[in-house]
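Comments concern the structure below.
Every number here is computed from the coordinates shown, using simple stated rules; none is lab data. Please read all numbers here as calculations on a predicted model, not as lab measurements. So basically every Cβ, Gly included, is an ideal-geometry build from the backbone, and we count neighbours across all protein chains shown.
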Amino acid sequence: MSRAKPLKLRPYARLLTMLGDQLIKNERVALVELIKNSYDADATWVRVNFEGFDENFVGKEGSRIIIEDDGAGMSTDIIENHWANPATPLKLQGKLAKKHTTKKGRVIQGEKGIGRFALLKLGRKITLTTKTRASTAENVVVMDLSTFDSNFIDDNDTALFLDDLRLSLREVDPAQLIQSRQVEVGLRTLKRPKHGTAIEIRHLASSWSRTKVQGVYKDLVRLQSIFALGEEGDEAADPFEVVIYRNGAYEAFADARQSELAGLLENRTVFHIEGSFQPATKSFEFEIDGQHQSIQLNDPDLTGMRIFRDTFGTVVERPIESGPFSFEFFVFDFAADAPGKYRLDNDDKELLRQHRIYLYRDGIRVYPYGDPDDDWLLIDVRRGTVKASEFLSNDQVVGQVRITQAANPELRDKTSREGLVETGNPTSDFRALLQIFLAWVRKRPYAQYKIKAARSDDVSIFKENAVQHALESAADAAQAAGTPAQVREKLGEATRQYKQERRYLVQRAETTEHLAGVGLSVESATHDLTLAIRTATSSTDALISQISRSGQIDRDVLKRELLSIRGSLAFIADQLKDMQLLFKSSKQRRKDIKVLDLVTKVERLFRALLERAEIKVTIEEVGGPLVAKTTDAVLLQVLLNLFDNAMYWLKSSPAPREIEVLLDGDRGIMVFADNGPGIRADDIPYIFEPFYTGKAEEGRGLGLYIARQLLDRHDYTIDVASKGERILRGANLVVSFVKEDA
């Protein structure tokens, strides 16, 4: 038996190309990665100097980039045993030992030990000069790969191994470059400390331009939070400044529109939302414009949304695998008819489109989240493939999400530094929680805002017939003033035409609303019809199967299947007979209707669904019989909507589940109540508005609106019950059959 031969992993040198040039997306990401190393080294400033570039930042042979900081520097031991060794676990070991912070208290950003290979995205010859506070000498490391191609194959057509490459390290004592001197940092002149690092990059790997450098500057500016409002910590206590030079001269790449963005965030937002999510309690705690709110993750307001069901099902039963996080969102209205104080011009919109929702870990940005072309929360994807109205658009929401390494150890950067690692539940839970909250913002506060914005004098103008009165007043004034007869005739003609047009439009609106109500009501009531048809079809198929076989037909089986079919057809006939009352032909004449009869009829339509959901229905009469002078169709539509709404909200409520209908003949009212989650106080002003719904994708927001419209035409009302009228702890609605003008 032969002995196993031990082997060593020996990577080829081309691994450097994969880790640097190919893995890092672009030069901007590479520079940011190097700047983060300066941050980890407790630097207070970083200078990026483009030497040998013209005014448009176009380089030439011999051009170089120098990155210098005043950080802690590296000792000889660190260089030999860590910097020169790819994937060094030094920072990771520090984190595992709970040493997450630098001497200044900064949370260490790096941990993979390969960030230095971002240098190869920038150039092929690297000279690193570094010095610690404790040493009089500076260390100079040279890595020259400029003589090799990207695959590291030498002149003999031999592929080199990684350990074939050589770096040189020499000590310069006393230090020549990292020494005390005056140094410009932007508009300030500072005394350079006797420690820090300078990296010179030659044989540049790609071309540059002023536009590209401007993009680099924007990325560096956004390395730390750009949001002044709500940012934790005192930024002045731990300064970190990045400046760009060209040929030794400061290039003031100030973001000219940064102050404009701050103005929009402060003065043009519909909402400023700031809060957090706590996995332990599975709750969002937040403020909207200073008003505190709280939502449990299993709240029916959230569980009914499609994004919730796609992630967690009907309810969250397992632990949330992402850690706690905080957030801050600024919500805008991009509509052309937005109210004046929220209205944005084209320049404002274009500025906002340059910023999305950023992610900051311990105050440092996770790239590329927040870039204008990045959709890390998959908002645009879902708007395009699921439902556009599920979320506000990415353009409309600017903000930040804040996490920490300590509380979110499983939310790790990809090796490419392009976002979070996607494996497992932590990242998917984190993203889903943000999606769910943003979907709620669209469904609740933003929908309420839009209703408020749409509410103007339009409704009162219509109800008071203000246009007709204005035309008539104008005609009277014209006559009194002796206006020529031709003008008065034109005013009279305009009044007559307006009356005619108004009658036509009102009739169309009533017909449309009636048909919409019929459709919603039929949809609610046909579930059991479908089941009955399936049962009859199954019985028919069984009979066909029996007849197709040879031999005698079993008379008992035949009788049983025929009785099943007959029962299903009888049930369908009864249901359709009741539903016929909905249609226009039966709606022409009003009559006195005992409300109890139709309540019982609708309860019978829903009985099978009620029993399956274990919902108990109680109908109670007080005083004399409750009578309404209306039509079967109107009352039937109202009751079908009330039952359908109650059943929706009760299905996610714990047992016992109840619906109670109180018919008070003496007061002329019906109270319809359930013991579900009830109606939120901030929803009450909106539940009778068209297209406002708490049912997420399952609702259309028309049921209660149409019910109110139908009742209003008969001078009846429907409203949320006052405190003294409530009979169950959930939703309580009062329908009054006392005419408003009585």
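Return Ile320, Ile659, Ile619 ranked ascending by Cβ neighbour count within 10 Å, so the fewest neighbours appear first. Present the calculation step by step, with values, prior to reporting the outcome.
Details: Ile320 20, Ile659 25, Ile619 14.
If I rank by nearby Cβ atoms, fewest first, I get Ile619, Ile320, Ile659.
Beta carbons within 10 angstrom, averaged per residue: use that to sort the peptides 34-42, 593-601, highest first. Can you show the working numbers first?
On the way: 34-42: 21.7, 593-601: 18.0.
Most protected by this proxy first, the peptides run 34-42, 593-601.
Given R₀ = 60 Å, what would the calculated FRET efficiency be for Arg612 paired with Arg353, taking r from the Cβ atoms and rounding to 0.05?
On the way: r = 49 Å, r/R0 = 0.82.
Calculated transfer efficiency: 0.75.
In this model, which of Lys104/Lys125; Lys601/Lys629; Lys121/Lys212 are farther than 21 Å apart at the alpha-carbon? Before the final figure, lay out the partial values.
On the way: Lys104/Lys125 32 Å; Lys601/Lys629 18 Å; Lys121/Lys212 15 Å.
Pairs exceeding the cut-off: Lys104/Lys125.
Counting other beta carbons within 10 Å of each Cβ, put Glu328, Glu260, Glu418 in order, fewest first.
Working: Glu328 23, Glu260 13, Glu418 18.
Least crowded to most crowded, the residues run Glu260, Glu418, Glu328.
Using the structure shown, select from Lys218/Lys349; Lys25/Lys218; Lys499/Lys591 the pairs with a Cα to Cα distance greater than 21 angstrom. Don't skip to the answer; put the middle values down first.
Values: Lys218/Lys349 18 Å; Lys25/Lys218 17 Å; Lys499/Lys591 29 Å.
Check vs 21 Å cut-off fails for Lys499/Lys591.
Once both labels are modelled 7 Å past Cα along the beta-carbon direction, what's the Asp592-Leu165 spacing in nm?
9.7
Cα centroids of segment 343-410 and segment 608-661: how far apart, whole angstrom?
A separation of 43 Å, based on Cα centres.
Quick check on my link table: of Lys282/Lys387; Lys452/Lys723; Lys36/Lys103, which ones sit more than 18 Å apart, alpha carbon to alpha carbon? Don't skip to the end; give the middle numbers.
Numbers: Lys282/Lys387 26 Å; Lys452/Lys723 25 Å; Lys36/Lys103 16 Å.
Going by Cα-Cα distance, Lys282/Lys387; Lys452/Lys723 fall outside the 18 Å limit.
Grab the Cα-Cα distance for Thr483 and Val142, subtract it from 0.36 nm times how many residues apart they are, and report the gain in nm with one decimal.
On the way: separation 341, 0.36 × 341 = 122.76 nm, distance 9.72 nm.
That works out to 113.0 nm of additional length.
For Lys131, go through the aspartates and glutamates and keep the ones whose alpha-carbon is under 18 Å away, minus same-chain ones fewer than eight residues off.
Asp40, Asp42, Glu68, Asp69, Asp70, Asp77, Glu80, Glu171, Asp173, Glu200
Would you mind checking which residues have amide H under 5 Å from Val46's amide H? H placed 1.01 Å from N; only 5 or more apart, or other chain.
Residues meeting the criterion, in which the H sits 1.01 Å from N, are Glu241, Val242, Val243.
Taking the Cα centre of segment 588-736 as the origin, how large is its charge dipole in debye, to the nearest 20, when only Lys and Arg (+1) and Asp and Glu (-1) carry charge on their Cβ atoms? Each step should come with its number before you reach the end.
Values: 21 positive and 23 negative charges, 57 e Å.
Magnitude of the dipole: close to 280 debye.
Using per-residue counts of other Cβ atoms within 10 Å, averaged over each peptide, order 611-617, 440-446 from highest down.
Values: 611-617: 14.9, 440-446: 20.4.
Final packing ranking: 440-446, 611-617.
Can you sort Asp301, Asp154 from fewest to most other Cβ atoms within 10 Å of each residue's own Cβ? Mind dumping the intermediate values first?
Working: Asp301 19, Asp154 13.
Placing the least packed residue first, the sequence is Asp154, Asp301.
Calculated FRET efficiency, Asp375 and Asp556, Cβ-Cβ r, R0 60 Å, to nearest 0.05?
On the way: r = 64 Å, r/R0 = 1.07.
Here the calculated transfer efficiency is 0.40.
For an R0 of 35 angstrom, estimate the FRET efficiency from the Cβ-Cβ distance between Ile684 and Lys414 and round to the nearest 0.05. Before the final figure, lay out each step's value.
Details: r = 47 Å, r/R0 = 1.33.
So the FRET efficiency works out to roughly 0.15.
Could you pull out every one of the aspartates and glutamates with an alpha carbon less than 18 Å from that of Lys490, ignoring same-chain neighbours closer than 8 positions?
Those aspartates and glutamates meeting the cut-off are Glu472, Asp476, Glu501.
For every other residue with a beta carbon closer than 10 angstrom to the beta carbon of Leu626, add +1 if it is Lys or Arg and -1 if Asp or Glu, then tell me the sum.
With Lys, Arg at +1 and Asp, Glu at -1, the net is -1.
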